[in-house]
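Only one structure is covered here, and it is reproduced in the block below.
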Amino acid sequence: MLSKQLDELEKDGIISRECFAEVPPRVEYQLTDYGETIYPIVYQMRRWGYIHLERNSIDTTSK
């Protein structure tokens, strides 16, 4: 499943993949310039997540 997602992200130009001819085989992925444009969205989702965690912590301890 992870491999499929990585393939789709590469196909969409969001990540780039570099294969190394080593034993064991090694592959490295990185965001492309286009992929970097999603950072503000991911940052806001992360921020929301931390706020949500704090809210759940308060709700859990008050019960």
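The values are calculated or read from the model by the stated rules, or taken from the named source; none is laboratory data. Here the structure is a predicted model, which means the values were calculated and not measured. Cβ: placed from backbone, ideal geometry, glycine included. Neighbour counts: every protein chain shown.
Scanning the stretch 1-15 for residues being closer than 11 Å to TYR34 by Cβ, loosely packed, with under 15 Cβ neighbours inside 10 Å and not charged (D, E, K, R) gives a total of 1.
Rundown of residues vs (1) of a type outside the set (Ser, Thr, Tyr); (2) part of a helix (DSSP H, G or I); (3) touching a helix residue (DSSP H, G or I) at 6+ places or on another chain (Cβ under 6 Å), yes/no style:
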{"position": "GLU22", "(1), (2), (3)": "yes, no, no"}
{"position": "TYR29", "(1), (2), (3)": "no, no, no"}
{"position": "GLY35", "(1), (2), (3)": "yes, yes, no"}
{"position": "ILE51", "(1), (2), (3)": "yes, yes, no"}
{"position": "SER57", "(1), (2), (3)": "no, yes, no"}
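Of the candidates TYR29, TYR50, the single residue that is modelled with pLDDT under 95 and within 19 Å of the chain's Cα centre (by Cα) is TYR50. Taking (1) charged (D, E, K, R); (2) modelled with pLDDT of 95 or more; (3) surrounded by 10 or more Cβ atoms within 10 Å (Cβ to Cβ) in turn, GLU18 satisfies each apart from (3).
Close Cβ contacts (under 8 Å, 6 or more residues apart or on different chains) running from residues in the stretch 34-56 that are in contact (Cβ under 8 Å) with a residue 12 or more places away in the chain to residues that are part of a helix (DSSP H, G or I) and aliphatic (A, V, I, L, M) comprise GLY35/LEU9.
Across the stretch 28-44, what is the total count of residues that are surrounded by fewer than 11 Cβ atoms within 10 Å (Cβ to Cβ) and not acidic (Asp, Glu)? Final tally of qualifying residues: 7. Limited to the stretch 12-26, what total is found for residues that are within 15 Å of the chain's Cα centre (by Cα) and more than 21 Å from LEU2 (Cβ to Cβ)? Result for the stretch 12-26: 0. For the stretch 8-20, the tally of residues that are part of a helix (DSSP H, G or I) and either in contact (Cβ under 8 Å) with a residue 24 or more places away in the chain or in contact with a strand residue (DSSP E or B) (Cβ under 9 Å, 6 or more places away or on another chain) (or both) stands at 2.
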